[in-house]
Amino acid sequence: MSLLRQPILLLARSAKVKQLVSTMPVSSGIVTSYVPGESTADAVRATEGLVADGLRATLDYLGEDTTDLAHADATVAAYKDLLAQLAAKGLASKAEVSVKLSAIGQALPDQGHKIALENAREICRAARNAGTTVTLDMEDHTTTDSTLSILRELRKDFPETGAVLQAMLHRTEADCRALAFEGSRVRLCKGAYHEPETVAFQDKLDIDRAYVRCLKVLLAGQGYPMIATHDPRMIHIASSLASRYGRRAGTYEFQMLYGIRPEEQKRLAIAGETMRVYVPYGTEWYGYLMRRLAEKPQNLTFFARSLISKK
Ligand SMILES: Cc1cc2nc3c(=O)[nH]c(=O)nc-3n(C[C@H](O)[C@H](O)[C@H](O)COP(=O)(O)OP(=O)(O)OC[C@H]3O[C@@H](n4cnc5c(N)ncnc54)[C@H](O)[C@@H]3O)c2cc1C
């Protein structure tokens with residue numbers, strides 16, 4: 001783990017830092033390099049560009065830690081609007097959506113789990129009508145059980161719903177085994193949250209080793225693995241394992257984040273791999289941006305400069 005990663009994630013929780021950063025216009029270079037815009041039209045335009053380059057997309061309407069029902073409802077409405085526009089533009093076979101359950105009510109007191117399930121069901125229905133699918137993003141470890149239980153419920157009616165598992169959590173290898181069945185779409189990532197050592201590997205090497213163990217389980221299994229990483233070593237190992245387990249292109253896919261290693265994204269697509277780009281959009285880009293900065297502290301100088309030049 002980068003020495004700077006945990007301090008940045010802790011600093012990101014400060015209300016003052018959030019206020020300062022959130023008042024930056026989205027056009028600020030550092031934000032637009034990771035988030036193509038705030039509106040549905042911006043997201044659709046970015047998707048068109050990716051599809052023209054032979055890539056696929058999964059779109060995330062940014063927002064997390066929703067604290068009231070109206071906010072959760074507005075997020076559901078934003079997804080429905082997006083899905084209708086993707087269908088209208090003929091993009092639905094190339095673009096799906098990623099949903100954070102905390103953005104649609106999971107963290108609300110008392111009924112949070114139930115509200116998030118009902119809202120997720122509504123988005124899954126809209127995605128099915130549009131001709132595409134939903135993947136449930138995974139957030140910090142306190143939400144893993146609730147998220148996987150909502151996934152199980154949704155899969156009864158929408159078996160195409162995808163899950164995300166984070167290799168850094170000790171539990172994940174077992175979760176991979178449980179989800180490596182036919183028709184099960186599983187995105188494997190390293191994990192973006194600051195997690196305690198009681199539940200998660202802390203050392204980068206240990207996380208990478210866990211990632212490879214999970215890759216083996218998913219690629220040897222019957223499901224549809226979605227290999228989400230920018231790490232050249234993990235991509236190389238995943239490709240070798242895919243051949244070893246007799247996986248043809250199209251029975252798994254690679255995924256990367258918008259704006260990160262775009263040339264590598266195109267290279268993999270040209271090589272015949274399915275390559276999907278995660279496109280976050282919307283006004284609530286703060287938490288997302290801070291997680292990306294924590295992963296790549298080299299960006300901090302540039303970021304600090306753009307904050308100072310705002311004055
Ligand atoms: C499609 C997608 C969806 C995701 N969904 C979730 C989710 O639901 N929940 C969650 O917790 N996390 C999610 N993540 C984030 C993920 O957990 C990691 O935090 C993030 O991908 C960074 O890990 P990494 O595998 O790229 O490798 P790292 O260990 O961060 O980096 C390894 C190497 O990759 C290369 N690299 C990494 N970043 C860059 C960069 N910015 N520019 C150039 N090279 C770079 C470098 O060579 C670096 O040494 C998602 C990631 C992707 C790609």
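Within segment 70-86, the set of residues being among the acidic types (Asp, Glu) and out of contact with any Ser or Thr (no Cβ under 9 Å at 6 or more places or on another chain) comprises just one member, 73.
The rows are residues; the columns are (1) under 16 Å from the mean Cα position of the chain (by Cα); (2) away from the ligand (no atom under 16 Å from the Cβ); (3) crowded, with 16+ Cβ neighbours inside 10 Å.
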position	(1), (2), (3)
115	no, yes, yes
121	no, yes, yes
135	yes, no, yes
145	no, no, no
149	no, yes, no
155	no, yes, yes
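Look at (1) hydrophobic (A, V, I, L, M, F, W, C); (2) in contact with a His (Cβ under 9 Å, 6 or more places away or on another chain); (3) assigned to a helix (DSSP H, G or I) and you find that residue 256 fails only one, number (3). For segment 261-277, filtered to residues that are aliphatic (A, V, I, L, M) and over 16 Å from the mean Cα position of the chain (by Cα), the residue that is nearest to the ligand (Cβ to nearest atom) is 268.
The condition of being closer than 27 Å to residue 103 by Cβ, in contact (Cβ under 8 Å) with a residue 24 or more places away in the chain, acidic (Asp, Glu) and open to solvent by 40 Å² or more (accessible area, probe 1.4 Å) does not hold for residue 182. Against the condition acidic (Asp, Glu) and more than 24 Å from residue 56 (Cα to Cα), how does residue 231 come out, does it pass? No: the conditions fail for residue 231. Please find, within segment 127-171, the residue that is nearest to residue 66 (Cα to Cα) out of those that are assigned to a helix (DSSP H, G or I) and touching a Phe, Trp or Tyr at 6+ places or on another chain (Cβ under 9 Å). Among those residues, the one meeting the criterion is 141. Among all positions in segment 197-209, there is no residue which is more than 30 Å from residue 12 (Cβ to Cβ), open to solvent by less than 40 Å² (accessible area, probe 1.4 Å) and out of contact with any Lys or Arg (no Cβ under 7 Å at 6 or more places or on another chain). Considering only residues in segment 196-211 that are part of a loop (DSSP other than H, G, I, E, B) and touching a His at 6+ places or on another chain (Cβ under 9 Å), the one that is farthest from the ligand (Cβ to nearest atom) turns out to be 198.
Set side by side, the residues 160, 173 differ, and just one is away from the ligand (no atom under 11 Å from the Cβ), within 17 Å of the chain's Cα centre (by Cα) and at pLDDT 95 or above, which is 160. Being surrounded by 16 or more Cβ atoms within 10 Å (Cβ to Cβ), under 19 Å from the mean Cα position of the chain (by Cα), at positive phi and within 14 Å of the ligand (Cβ to nearest atom) is a description that applies to residue 191.
So which residues in segment 28-60 are surrounded by fewer than 22 Cβ atoms within 10 Å (Cβ to Cβ) and hydroxyl-bearing (Ser, Thr, Tyr), if there are any at all? Those that are surrounded by fewer than 22 Cβ atoms within 10 Å (Cβ to Cβ) and hydroxyl-bearing (Ser, Thr, Tyr): 28, 32, 33, 34, 39, 40.
Looking only at residues in segment 239-260 that are away from the ligand (no atom under 11 Å from the Cβ) and of a type in the set (A, V, I, L, M, F, W, C), the one that is surrounded by the fewest Cβ atoms within 10 Å (Cβ to Cβ) is 249. So for segment 36-50 (the condition being basic (Lys, Arg) and under 16 Å from residue 283 (Cβ atoms)), does at least one residue qualify? No. Residue check: residue 63 meets all listed conditions (1) open to solvent by 10 Å² or more (accessible area, probe 1.4 Å); (2) out of contact with any Phe, Trp or Tyr (no Cβ under 6 Å at 6 or more places or on another chain) but one, namely (1).
The values are calculated or read from the model by the stated rules, or taken from the named source; none is laboratory data. All figures in this text were calculated on a predicted structure; none of them were measured in a lab. A quick note on method: Cβ atoms are made from the backbone with ideal geometry, for glycine too, and the neighbour counts reach across all protein chains shown. We work out accessible area using only protein heavy atoms, side chains counted, and drop any ligands, DNA or RNA first. Shrake-Rupley method; radii C 1.70, N 1.55, O 1.52, S 1.80 Å.
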